[in-house]
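The structure appears below as structure tokens.
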Amino acid sequence: MTAVQDLSFAVGPGVTGFLGPNGAGKTTTLRMLLGLVRPTSGTATVDGRPYAELAHPRRVVGALLEASGFHPGRTARQHLLIQAQLAGLPAARVDTVLDEVGLGADAGRRVGGYSLGMRQRLGLASALLGDPAVLILDEPGNGLDPAGMAWLRSLLRDLAGQGRTIVVSSHVLAEVAQTVDRVVIVNGGVLRFAGPLAELSGAGDSLEAAFLRLTAELEGSAR
């Protein structure tokens, strides 16, 4: 079974929404970018190089694919200190990123007592640990309440304002529409659109309407 086919796009500074229905190939594509899946043909690069060839990968790209894998008996600070040590990053970054994601007051709590939203924030802290220029985030708003979603939107816009490149995969289209500069839409492993958000909304479509039209066109042609 082919996950993606002839999928080619590039993203630069700013926030890019990476969108598609379930099974569209989004997570596979992100995993290829991070060297977790090897493409059968073609290349997936970050800063012009495959992830495995980056000299200091955590300083170049930070990723949040799922907020799991935390030892429930460790505190958030302990988890990040281990991550920093393994990646050769300064321990001083730990408290910086904990404050940045709003976990400073809960850094001494065991992660096993964290809510889903708090674990999601810890995953974001881990992604930010190396102060990377590129962020790859898969459903970063999962588990966040409305105030948390507003906080995440502000954080991503602030990071983009610093010149970073951010790729966000999400199903929450209303939130994506308030956050991103560009959109990449895939369906069935095929690219359906890549360009500025304004190009979709310029035709009078909302992001949701454009998304449904573009993904339905491919589904209709396969019948």
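Every number here is computed from the coordinates shown, using simple stated rules; none is lab data. What you see is a predicted model, and the numbers here were worked out from it, not measured in a lab. Ideal geometry is used to build each Cβ from the backbone, glycine not excepted, and the neighbour counts take in all protein chains shown.
Laid out as a table, the results:
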read-out: Extension gain from THR43 to LEU116, taking 0.36 nm per residue of separation minus the Cα-Cα distance; value: 22.9 nm
read-out: GNM top mover of ALA125, ALA177, ALA55 - the chain, alpha-carbon springs below 10 Å; value: ALA55
read-out: Distance cut-off 16 Å, percentage of C-alpha pairs in segment 1-59 lying past it; value: 48 percent
read-out: Computed label-point distance, nm, for sites ARG213 and GLU199 using a 7 Å Cα→Cβ extension; value: 1.4 nm
read-out: For semi-axes √(5λ) of the Cα gyration tensor in Å, calculated from these coordinates, the label among (i) 30, 20, 16; (ii) 33, 25, 15; (iii) 48, 17, 14; value: (i)
read-out: Fluctuation leader among THR96, THR40, THR27 - the chain, Gaussian network, Cα springs under 10 angstrom; value: THR40
read-out: Charge dipole of segment 81-223 about the Cα centre (unit charges at C-beta), most positive-ward option of MET118, TRP151, VAL180; value: MET118
read-out: For segment 14-108, the spread of Cα positions along each principal axis, largest first, Å; value: 45, 32, 29
read-out: Student exercise, the chain dipole from Lys, Arg, Asp, Glu Cβ charges, in Debye to nearest 20; value: 600 debye
read-out: Fluctuation leader among ARG49, ARG77, ARG58 - the chain, Gaussian network, Cα springs under 10 angstrom; value: ARG49
read-out: Simple spin-label estimate for HIS56 and ALA10 in nanometres, 7 Å along Cα-Cβ; value: 2.5 nm
